[in-house]
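These notes are about the structure you will find just below.
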Amino acid sequence: MKPHYPPSMDRVKEEVELHLKKDNNLANLFEVYKGILAVQLDYLNKIDATVNLSEEEIKECFRNEKFLMSDNKMKIDTKLFRELLSSVCEAVNEKSPEAPASLLVLPEADEFKEENIKKFLQEIALFSKQELEKFIEETEMDKRTGLNSEIISFVILMSLSPFYSSNMKEVREKTDFTLWRQSYCPVCGQTAVIARHRNEDGARILECWLCHAEWVFPRMECPYCSNKDQKKLRFFYVPGDKARQVHVCESCKKYLKTIDNKLMETDVLLDIEAIATGYLDMLAKKEGYILPVETAVLN
Ligand SMILES: [Zn+2]
Ligand SMILES: [Zn+2]
């Protein structure tokens with residue numbers, strides 16, 4: 001399987017253009033996305049991987065159903081991180097008309113000062129988006145910076161992403177992810193929230209939104225609760241766009257957006273699809289389904 005990450009900027013522009021032809025309302029979102037991606041790709045080459053595991057050690061983790069960073073935390077070059085954070089904040093501010101000006105001074109917050117940054121990054125390591133937002137609210141970073149927890153969490157994770165990706169690429173060069181069969185990422189442990197059926201053979205590929213590892217997961221099974229009862233697994237789509245689907249499980253009520261590249265007869269980039277298919281999230285939620293990172297309300 002030829003990995004999708006890192007994508008070329010030309011390919012990104014091409015795919016974004018196709019979406020904008022259908023829905024120009026996405027123009028702002030994609031401008032921000034492209035601005036951030038350009039920063040991330042630039043830094044990806046400057047970051048050294050720090051998770052030094054042999055092929056055998058990696059496979060041993062996978063066989064034990066442990067994602068690699070659960071025991072082997074990556075080290076983050078704090079100077080590079082701060083630079084990256086500043087560049088990401090500048091990109092968001094430049095590309096988004098609604099971005100608050102205080103975003104530009106976020107990198108000056110106490111958390112990112114020389115004496116605190118290491119501890120801060122250790123504390124938030126492996127946090128999901130939701131956990132990071134909660135942490136930001138609990139430590140009142142939002143109040144102190146005049147920004148909401150969602151945007152702070154977003155720019156921090158976007159700035160951490162190239163560090164995770166650099167390590168993922170190093171791992172990927174040593175071994176593939178065929179031993180891995182979980183809904184969460186084999187490298188950084190984040191839960192996958194989007195999938196594709198690859199053009200080549202229709203296999204379901206989950207992709208990590210943070211480090212961009214890609215791995216195969218069986219199609220006839222719910223990734224989130226392992227339900228294999230086909231009567232409780234189904235998918236729906238908006239008429240006229242059958243390739244963009246929402247796969248749902250009646251056992252756990254979770255949903256997985258899935259892009260059918262076999263139907264499209266071409267492989268597309270999931271980061272771009274994730275942005276373009278916001279309407280599918282609304283539809284899924286309206287139908288009573290939840291994102292895998294949310295907790296089901298039992299009734
Ligand atoms: Zn990952
Ligand atoms: Zn399920």
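The values are calculated or read from the model by the stated rules, or taken from the named source; none is laboratory data. Nothing here was measured: the structure is a model prediction, and the numbers come from that model. Positions of Cβ are generated from backbone atoms using ideal geometry, with glycine treated the same way; all protein chains shown enter the neighbour counts.
Any residue at all in the range 276-299 that is within 30 Å of Asn24 (Cα to Cα) and within 16 Å of ligand 1 (Cβ to nearest atom)? Looking for residues that are within 30 Å of Asn24 (Cα to Cα) and within 16 Å of ligand 1 (Cβ to nearest atom), one finds at least one in the range 276-299, hence yes. Taken over the range 246-275, the criterion of being over 18 Å from Cys208 (Cα atoms) and either assigned to a loop (DSSP other than H, G, I, E, B) or more than 16 Å from ligand 2 (Cβ to nearest atom) (or both) is satisfied by Glu250, Ser251, Cys252, Lys253, Lys262, Leu263, Met264, Glu265, Thr266.
Do we have Arg172 as touching a residue at least 24 places away in the same chain (Cβ under 8 Å), of a type outside the set (Gly, Ala, Ser) and farther than 21 Å from Glu273 by Cβ here?
yes
Taking the criterion of being part of a helix (DSSP H, G or I) and within 11 Å of the chain's Cα centre (by Cα), the only residue of the range 165-202 that qualifies is Ser165. What is the number of the single condition among (1) crowded, with 16+ Cβ neighbours inside 10 Å; (2) more than 30 Å from Asp71 (Cβ to Cβ); (3) within 14 Å of ligand 2 (Cβ to nearest atom) that Arg234 does not meet? Among (1) crowded, with 16+ Cβ neighbours inside 10 Å; (2) more than 30 Å from Asp71 (Cβ to Cβ); (3) within 14 Å of ligand 2 (Cβ to nearest atom), Arg234 violates only (1).
For the range 105-123, a residue qualifies if it is surrounded by fewer than 18 Cβ atoms within 10 Å (Cβ to Cβ) and either hydroxyl-bearing (Ser, Thr, Tyr) or assigned to a helix (DSSP H, G or I) (or both), and the qualifying residues are Val105, Glu108, Asp110, Lys118, Lys119, Gln122, Glu123.
Pick from the range 131-174 the residues that are among the β-branched types (Val, Ile, Thr) and crowded, with 18+ Cβ neighbours inside 10 Å: which of them is nearest to Pro6 (Cα to Cα)?
Within the range 131-174, the subset among the β-branched types (Val, Ile, Thr) is 136, 139, 145, 151-152, 155-156, 171.
Next, from what is left, pick out any that are crowded, with 18+ Cβ neighbours inside 10 Å: 136, 145, 151-152, 155-156, 171.
Details: Ile136: 29, Thr145: 32, Ile151: 24, Ile152: 24, Val155: 19, Ile156: 19, Val171: 14 Å.
So the residue we want is Val171.
Tallying residues that are under 19 Å from Met74 (Cβ atoms), assigned to a helix (DSSP H, G or I) and over 20 Å from the mean Cα position of the chain (by Cα) within the range 11-57 yields 2. When the range 1-10 is filtered for residues that are surrounded by fewer than 18 Cβ atoms within 10 Å (Cβ to Cβ) and closer than 26 Å to Thr78 by Cβ, only Pro6 remains. Among the residues of the range 194-224, those that are in contact with a Lys or Arg (Cβ under 8 Å, 6 or more places away or on another chain), within 18 Å of Phe67 (Cα to Cα) and within 14 Å of ligand 2 (Cβ to nearest atom) comprise Phe217, Tyr224. If you go through the range 251-266 and pick out every residue that is of a type in the set (Asp, Glu) and closer than 21 Å to Met220 by Cα, you end up with 1.
The residues of the range 276-289 that are assigned to a helix (DSSP H, G or I) and not small (Gly, Ala, Ser), listed by number, are Tyr279, Leu280, Asp281, Met282, Leu283, Lys285, Lys286.
Taken over the range 79-104, the criterion of being surrounded by 15 or more Cβ atoms within 10 Å (Cβ to Cβ) and of a type in the set (Lys, Arg) is satisfied by Arg82, Lys95. The single condition among (1) within 16 Å of ligand 1 (Cβ to nearest atom); (2) in contact with a Leu (Cβ under 9 Å, 6 or more places away or on another chain); (3) touching a residue at least 40 places away in the same chain (Cβ under 8 Å); (4) hydrophobic (A, V, I, L, M, F, W, C) that Leu126 does not satisfy is (2).
Based on this model, can you work out whether Phe217 counts as modelled with pLDDT of 95 or more, among the aromatic types (Phe, Trp, Tyr), more than 22 Å from Glu131 (Cα to Cα) and within 16 Å of ligand 1 (Cβ to nearest atom)? Don't jump to the end; show me each part of the working.
Details: modelled with pLDDT of 95 or more: yes; among the aromatic types (Phe, Trp, Tyr): yes; more than 22 Å from Glu131 (Cα to Cα): yes; within 16 Å of ligand 1 (Cβ to nearest atom): yes.
The answer is yes for Phe217.
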